[in-house]
Amino acid sequence: MKYVLTGGPNCGKTSVINELRSREFNVLEEVAREVLSSPVFANTKNTEFLEGVIFAGQLCEESKCDRIRGIKFLDRGLPDVIAYCWANLGYVPKEFTDDRFRDRYEGVFLLDRLPFVQDGVRIEKDDSEAQKMHDKIIAVYRNYGYSPVNVPIIELGERGIGKRADFIVDYIENLKEMKENAFV
């Protein structure tokens, strides 16, 4: 049962993932952030190569997640890589395009964006670029048949992070309960 937390830059995915980890859920951190902040790739200018490394890393880490029982939360999923390919390359490499993105996740949570902050790893320069990326991500997930559940900004700060995590966990619990009652 893999659930993806997604959205454009600055929507609080990593903060919510960290909150879910503190609640002892299994989580997968954002592979792209790890690759882009790695000194090994610091001077790499070949965007297609970097997207390939991110894609392979995401696929590998998700495969490891498949071996873990219970609910898993992912800070981005494979469709995010597709969205970034469209944004950064203007195309998607042929080897990335197949149906391995469909029915891969139990659900997708789309976090509303927070005010843009440049953190030194983000490739987007400003809020406008971040919004465009957010919109691309939504379009790609929908293209692969997902109906992302919108996670609003309930409150800013630490309490807001906890409330967003509560929203996600409550949503999953309610969905689980509805499924169980349907079989009674």
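Taking amide H positions as placed 1.01 Å from N in the peptide plane, with prolines and chain starts having none, which residues 5 or more places from residue 149, or on another chain, fall under 5 Å of its amide H?
It is 108, 109, 110, by chain and number.
First select every other residue whose beta carbon is under 10 angstrom from the beta carbon of residue 155; then total the charges, Lys and Arg +1, Asp and Glu -1. Spell out each step's value before the answer.
Numbers: positive: 159, 163, 164; negative: 158.
Local charge sum for residue 155: +2.
If I take R0 = 45 Å and measure r between the Cβ atoms of residue 43 and residue 181 in this structure, what FRET efficiency does the formula 1/(1 + (r/R0)^6) give, to the nearest 0.05? Before the final figure, lay out the partial values.
Details: r = 56 Å, r/R0 = 1.24.
Step by step, r from the Cβ atoms, then E = 0.20.
Using a simple spin-label model with points 7 Å from Cα along the Cα→Cβ vector, what separation in nm is obtained for residue 102 and residue 14?
The two pseudo-label positions are separated by 3.4 nm.
Say the cut-off is 29 Å between C-alpha atoms; which of 2/136; 94/179; 64/94; 94/163 go over it?
Pairs exceeding the cut-off: 94/179; 94/163.
If amide hydrogens are placed 1.01 Å from N in the peptide plane, which non-local residues have theirs closer than 5 Å to the one on residue 37?
none
Return the sequence-ordered ³J(HN,Hα) values of segment 157-162 in whole Hz as given by the Karplus equation 6.51 cos²θ - 1.76 cosθ + 1.60 applied to θ = phi - 60°, using x for Gly and Pro.
Going residue by residue, I get x, 4, 4, x, 4, x Hz, with x marking Gly and Pro.
In Å and on Cα atoms, what radius of gyration and Dmax does segment 2-182 show?
Considering segment 2-182 through its Cα atoms, Rg and Dmax are 16.0, 54 Å.
Sort 97, 14 so that the residue with the fewest other Cβ atoms within 10 Å of its own Cβ comes first and the one with the most comes last.
With the fewest neighbours first, 97, 14 line up as 97, 14.
Assigning unit charges at the beta carbon (Lys, Arg +1; Asp, Glu -1) and nothing else, what dipole magnitude in debye, to the nearest 20, does the chain show about its Cα centre? Could you put the intermediate results ahead of the total?
Numbers: 26 positive and 31 negative charges, 38 e Å.
Magnitude of the dipole: close to 180 debye.
To the nearest 0.05, what FRET efficiency results for residue 126 and residue 69 with a Förster distance of 41 Å applied to their C-beta separation? If you can, show how the numbers build up before the last one.
On the way: r = 42 Å, r/R0 = 1.03.
For R0 = 41 Å, the calculated efficiency reads 0.45.
With runs of 4+ DSSP H residues as the only contributors, calculate the mean residue ellipticity of the chain at 222 nm using -39,500 (n - 2.57) per run, divided by the residue total and rounded to the nearest 500.
About -16000 deg cm²/dmol.
No lab work stands behind these numbers, since they all come straight from the coordinates. None of the values given here were measured: they were computed from a predicted structure. Using ideal geometry, Cβ is built from the backbone for each residue, glycine included, and neighbour counts are taken over all protein chains shown.
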